[in-house]
Amino acid sequence: MASAAGTPIDDACVLKFKDLKSKRKYKFVTFHIDNNQIVVAKEGAPTASFDEFVESLPESDPRYAVIDFEFEKDGCKKSKIIFVTWVPDTAPIRKKMVYASSKDKFKRELDGIQVEIQGTDFSEVEEKVFIDKVGGA
């Protein structure tokens, strides 16, 4: 599969996403562009914490990620699958451009995304931001 921007997507990316979405095999999966292809970077165990997810985001290297985010609303436990675009301000400009131009096509390949969050520094990927975005309490 090649994206509109020309960055191919490794088939394992879609398979890992389906495992997260349908089988709950992972809490999160991160992806990066390596050798001009979007590939899986890391999987978080089903028991992984939100902090482990944030720790998987490099300080100055972009990533895409999906997380099965659990929250409480009106006393009920709920979850939503969130697509995260992590492009830190400290990343090289060329990488920022490649990630920006490849995002939409990649996101379309991952059927079932419910919410999207973009982060450029760690304050934008705090748990409170996710809770606000999904409408939890």
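The values are calculated or read from the model by the stated rules, or taken from the named source; none is laboratory data. Predicted model only: the values in this text are computed from it and were never measured. Here Cβ is always computed from backbone atoms with ideal geometry, including for glycine, and neighbour counts include all displayed protein chains. Just so you know, the surface numbers come from the protein's heavy atoms only, side chains and all, with ligands and any DNA or RNA stripped out. Shrake-Rupley method; radii C 1.70, N 1.55, O 1.52, S 1.80 Å.
Worth a mention:
- Loop sites in the stretch 32-137: GluC sites (Glu not before Pro), DSSP, at most 10 other Cβ within 10 Å: Glu59
- Of the listed residues Asp51, Asp74, the order by accessible area with a 1.4 Å probe, largest first, is Asp74, Asp51.
- Protein accessible area in the chain, 1.4 Å probe - carbon and sulfur %: 46
- Computed with a 1.4 Å probe over protein heavy atoms only, the accessible surface of the stretch 1-106 comes to 52 Å² per residue.
- Cross-link pairs exceeding 19 Å between alpha carbons, from the set Lys16/Lys42; Lys16/Lys103; Lys78/Lys103; Lys21/Lys128; Lys25/Lys105; Lys21/Lys78: Lys78/Lys103; Lys21/Lys128; Lys25/Lys105.
- For Tyr26, distant residues with modelled amide H under 5 Å away: Leu20
- Measuring nothing but alpha carbons in the stretch 33-80 and taking Rh as the Kirkwood radius, the Rg to Rh ratio lands at 1.07.
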